[in-house]
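Right, one structure below, let's go through it.
The values are calculated or read from the model by the stated rules, or taken from the named source; none is laboratory data. Only a predicted model underlies this, so the values are computations on that prediction, with no experimental measurement involved. When we count neighbours, we look across all protein chains shown, and the Cβ atoms used for this are built from the backbone with ideal geometry, even at glycine. Heads up: the accessible areas ignore ligands, DNA and RNA and are worked out on the full protein's heavy atoms, side chains in. Shrake-Rupley method; radii C 1.70, N 1.55, O 1.52, S 1.80 Å.
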Amino acid sequence: REAGLKAYAADNLFLDSYTRGDGLVLAGRILSGCKQATAVMFFNDALALGAISAFLRRGIEPGRDIAVLGFDDIAEAEMSIPALCSVATDPGGMGRRMGEMLLARIEKPGLPVACIREEPRLVIRETSGCGK
């Protein structure tokens, strides 16, 4: 919005599963439906990594011809070629904190309701097009 760009619901593509293979399929759908796409975001890194493969097979270089962003920041994101730009979260830390809260609630059922909010972190890598 800040850049003056509009998002359209028709640009959102969905599948029944979310694997690397599905990323290959989605990339094909993206390219056939929006030939001038300059950036794509996937809600997990597996889809993004599959899409990177599909783009490369068609001669489209992620980071140069199209920006690709995933979400999870799994280990493979940093090791992929080109390295995948991703949004990092801390699921292990969140699980640990939630477990601690649950144990505290079991010990003291009258504790007030607590809310934990985690800030995601953008990890800029080659597929962002920012040259990192």
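A few comments on the model shown:
- Using 0.36 nm per residue and subtracting the Cα-Cα separation, the extra length available between Cys34 and Leu111 on full extension is 22.5 nm.
- The phi torsions of the stretch 93-106, fed into the Karplus equation with coefficients 6.51, -1.76 and 1.60 and a -60° offset, translate into couplings of x, 5, x, 4, 5, 5, x, 4, 5, 5, 4, 5, 5, 5 Hz, rounded to whole numbers, with Gly and Pro shown as x.
- In this view, the solvent-accessible surface of Cys130, computed with a 1.4 Å probe and all protein chains in place, comes to about 90 Å².
- Taking the Kirkwood radius as Rh and the Cα radius of gyration as Rg, the stretch 43-132 has a ratio of Rg/Rh equal to 1.22.
- Taken over the alpha carbons of the stretch 84-132 as equal point scatterers, the Debye sum produces base-10 log I(q)/I(0) values at 0.18, 0.20, 0.23 Å⁻¹ of -0.66, -0.73, -0.84.
- 20 Å cut-off, amide nitrogen to a point 7 angstrom out along Ala3 Cα→Cβ, residues in the stretch 11-31: 11-13, 27, 30-31
- Taking amide hydrogens as placed 1.01 Å from N in the peptide plane, the amide H of Val87 sits under 5 Å from those of Gly70, Phe71, Asp72, Asp73, Val123, each at least 5 positions away in sequence or on another chain.
- Residues Glu118, Glu107, Glu2, ordered by accessible area of protein heavy atoms at a 1.4 angstrom probe radius and largest first, appear as Glu2, Glu107, Glu118.
- Taking the stretch 115-129 and a reference point 7 angstrom along Cα→Cβ of Met41, the backbone N atoms nearer than 13 Å belong to 120-123.
- Estimated distance in nm for a label pair at Arg96 and Arg121, the labels positioned 7 Å out from Cα along Cα-to-Cβ: 1.4 nm
- Relative contact order of the chain, defined on C-alpha pairs under 8 angstrom at six or more residues apart (%): 22 percent
- Annotation: amide H-H contacts under 5 Å for Ala39 (H modelled 1.01 Å from N, sequence separation of 5 or more, or interchain): Ala67.
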